[in-house]
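Engineer: Got a structure for you, written out below as structure tokens; questions coming shortly.
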Amino acid sequence: MLYTISYVSTSDKKFTDTDIHDLLNFVKKHNNENNITGLLIYSEGNFFQVIEGEKKIISDLFEKIKQDSRHYNIIKIFDRENEQKAFSEYDSSFITVGDPLDTNKEFRAFLLREKQQNSDNFKNISYVARKFMKLP
């Protein structure tokens, strides 16, 4: 069963730019090796992530994420079953702050699908994405 979780969190203040870079590289490698797709955006001390894959794998991963001391104030935006993946891989070069939304076609398609199928989620996710990406 395909499952998706999205959340935001605040990074630990001790987390350096090098630490963030190392984390992003590790997460990308780990998630792609474990058939986890989605994306992670980091901006000004905050994370926004969408992870999707098999339900048990995603649920177990989210439990580990919640225990990770490198961030706190974890707010789950949604968790739900899906019929198809929105992302073809896990992108952890990530979207850089200030990039136009159009630069990540899969994320844009994900947002459009949310708008059509889950309007309440769309409002939350698009608001967060725009704040992270410095869009109007």
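Engineer: What residues qualify as long-range amide H neighbours of E89, i.e. H under 5 Å apart, gap of 5 or more or another chain, H built at 1.01 Å from N?
Structural biologist: G38
Engineer: What is the antiparallel percent of DSSP beta bridges lying wholly in the chain, to the nearest 5? Can you show the working numbers first?
Structural biologist: Numbers: 25 of 27 bridges.
Bridges in the chain that DSSP calls antiparallel: roughly 95 percent.
Engineer: Sticking with this structure for a sec: Taking θ as phi - 60°, what are the ³J(HN,Hα) couplings along region 76-88 by the Karplus curve (6.51, -1.76, 1.60), each to the nearest whole Hz, with x for Gly and Pro?
Structural biologist: Values per residue, Gly and Pro as x: 6, 7, 6, 9, 6, 7, 9, 8, 8, 6, 8, 10, 8 Hz.
Engineer: Provide the per-residue ³J(HN,Hα) series for region 14-25, in order, calculated from phi with Karplus coefficients 6.51, -1.76, 1.60 and θ = phi - 60°, each as a whole number of Hz, with x at glycine and proline positions.
Structural biologist: Once rounded to whole Hz, the list reads 7, 6, 7, 4, 5, 4, 5, 4, 4, 4, 4, 5.
Engineer: Considering amide H positions built from the backbone, and no H for Pro or chain starts, which residues 5 or more places from I77, or on another chain, come under 5 Å of its amide H?
Structural biologist: S6, Y7, V8
Engineer: Still on this structure, please answer the following. With Rg/Rh (Cα atoms, Kirkwood Rh) defined as stated, name the option among (1) 0.98; (2) 1.22; (3) 0.93 computed from the structure displayed.
Structural biologist: Of the listed options (1) 0.98; (2) 1.22; (3) 0.93, (3) comes from this structure.
Engineer: Once phi is turned into θ = phi - 60°, what whole-Hz ³J(HN,Hα) does the Karplus curve with 6.51, -1.76 and 1.60 give for every residue of region 52-57, x standing for Gly and Pro?
Structural biologist: 9, x, 5, 3, 4, 4
Engineer: I've got another one for you. At 1.4 Å probe size, with the rest of the protein present, what percent of the exposed accessible area of the chain is carbon and sulfur atoms?
Structural biologist: Within the chain, the accessible surface is 49 percent carbon and sulfur.
Engineer: Report, by chain and number, residues whose modeled amide H sits under 5 Å from the one on N82, excluding near sequence neighbours (fewer than 5 apart, same chain).
Structural biologist: The list, which skips near neighbours in sequence, is L2, Y3, T4.
Engineer: Helix-only mean residue ellipticity at 222 nm, the chain, DSSP H runs n ≥ 4 weighted -39,500 (n - 2.57), per residue, nearest 500. What is it?
Structural biologist: Here the helix-only value at 222 nm equals -13500 deg cm²/dmol.
Engineer: While we're on this one: What residue among E52, E89, E114 shows peak mean-square fluctuation when the chain is described by a Gaussian network model with Cα springs under 10 Å?
Structural biologist: Ranking E52, E89, E114 by mean-square fluctuation puts E114 first.
Engineer: Calculate, for the chain, the solvent-accessible area per residue in square angstrom, rolling a 1.4 angstrom probe over the heavy atoms of the protein chains.
Structural biologist: Per-residue value: 58 Å².
Engineer: Could I ask something else about it? To two decimal places, what compactness ratio does region 1-64 give when its Cα radius of gyration is scaled by 2.2 N^0.38 Å?
Structural biologist: Taking N as the residue count of region 1-64, the ratio is 1.13.
The values are calculated or read from the model by the stated rules, or taken from the named source; none is laboratory data. All values derive from a computational prediction rather than experimental measurement. Only protein heavy atoms, including side chains, enter the accessible area calculation; ligands, DNA and RNA are left aside. Shrake-Rupley method; radii C 1.70, N 1.55, O 1.52, S 1.80 Å.
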